[in-house]
Amino acid sequence: MRNNVPAGRLLALICVLSGVGQAQWLNYREPGVPRTRDGKVDLTARPAKDSSGKPDLSGVWMHETTTAAEMRRLYGSSIDEALKLDAPGMEIGTQHKYFRNILLDLKPQETLLRPEALERMRNPAPSHLNDACTPGFSFGFPLAGLLSEPIKIVQAPKLTMIVYEAANVYRQIHTDGRKLPAEINLPSFYGYSTGHWEGDTLVVETAGFNDKIPLDVMGHPRSESMRAIERFKRRDFGHLDYEITFDDPKMYTRPFTVRIPHNLLPDSDVFENYCENEKDLAHLGGK
């Protein structure tokens, strides 16, 4: 099931995103940033430390993008249909390759899907959550961090937050020594997260996900049993090594890991992202 993403699902997502308003600061020079003699940000400088001596992950980050040509090579002619609906700032080529298929790296003969996962992909439940302009919608984890918009990490002594521009939401990562609760009574789109440091790497464990949305546009499902382990390591001032290990024994035969390097967007910020003057959905089939 590597490349057979339903074209309608992808086109609907891109159309929905085209109705989203966003903006960026102009000519903002962030103080305290290492710069070269010509005034450019020195992305290879050492990262700042927090009050405890750990690397400070704070900043606006963008995942490495996958070019339109590479997306066409990976996914075939369905990309050509998506290109027809490109919106400025959200063109094919501004996302990460995993946004379409989180299991992209598997060989064609490999499968991790359990029968229940296959059934859910063949017969997805009707959901208003396919409509990004519906109140209560969220792209969820990890999709919100794989689209055309950056994330912002804010690191404090006992709490690190991740703000997702694409979804207009945030995650809280508790780093005050607490453990994940044995039972989580309110499963959510982004789960409940705790973090601890292993050397210079922040390790984040998350549980308490709901099963209302898939992991990607192809529709690979997740269950309320899923747990995720993320690792964040700021290699230098401008580069963040990031990986996610998914463990969902109800849907997949074994855990799997994806690696998604991020680049700093200096002198920038994230902004509210909302549907404005949206007129595409009425013309999409199945609505």
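The values are calculated or read from the model by the stated rules, or taken from the named source; none is laboratory data. Here the structure is a predicted model, which is why all the values come from computation and not from measurement. Here Cβ is always computed from backbone atoms with ideal geometry, including for glycine, and neighbour counts include all displayed protein chains. Note: areas computed on protein heavy atoms with side chains; ligands, DNA, RNA excluded. Shrake-Rupley method; radii C 1.70, N 1.55, O 1.52, S 1.80 Å.
Measuring between their Cα centroids, the range 61-114 and the range 203-249 lie 18 Å from each other.
Which FRET efficiency, nearest 0.05, do residue 109 and residue 80 yield, Cβ-Cβ r, R0 35 Å?
Efficiency at R0 = 35 Å is approximately 0.85.
In this label model, residue 201 and residue 178 are separated by 2.5 nm, measuring between points 7 Å along each Cα→Cβ vector. Which of 84/212; 54/179; 152/212; 97/158 have a Cα-Cα distance over 23 Å? Correct reply: 84/212; 152/212; 97/158. When only the Cβ of Lys, Arg, Asp and Glu is charged (+1, +1, -1, -1), the dipole of the range 64-113 relative to its Cα centre reaches about 100 debye. Length available on full extension from residue 48 to residue 65: 0.36 nm per residue minus the Cα-Cα distance, which gives 3.6 nm.
Rolling a 1.4 Å probe across all protein chains gives residue 50 an accessible area of roughly 40 Å².
Per residue, how big is the convex hull around the C-alpha atoms of the range 48-89? Give it to me in cubic angstrom, could you?
Considering the Cα atoms of the range 48-89, their hull volume per residue is 108 Å³.
Taken along the Cα-to-beta-carbon direction at a fixed 7 Å, the label points for residue 229 and residue 91 span 4.0 nm. Surface composition of the range 22-92: carbon plus sulfur atoms hold 52% of the accessible area, using a 1.4 angstrom probe and ignoring ligands, DNA and RNA. Measuring nothing but how far apart in sequence close Cα pairs (under 8 Å, 6+ apart) lie, relative to its length, the range 168-287 scores a relative contact order of 16 percent.
Counting only residues at least eight positions apart within a chain, or on another chain, the aspartates and glutamates with an alpha carbon under 13 Å from that of residue 49 are 200, 236. Solvent-accessible area of residue 265, all protein chains in place: 60 Å² (probe radius 1.4 Å, heavy atoms, ligands and nucleic acids excluded).
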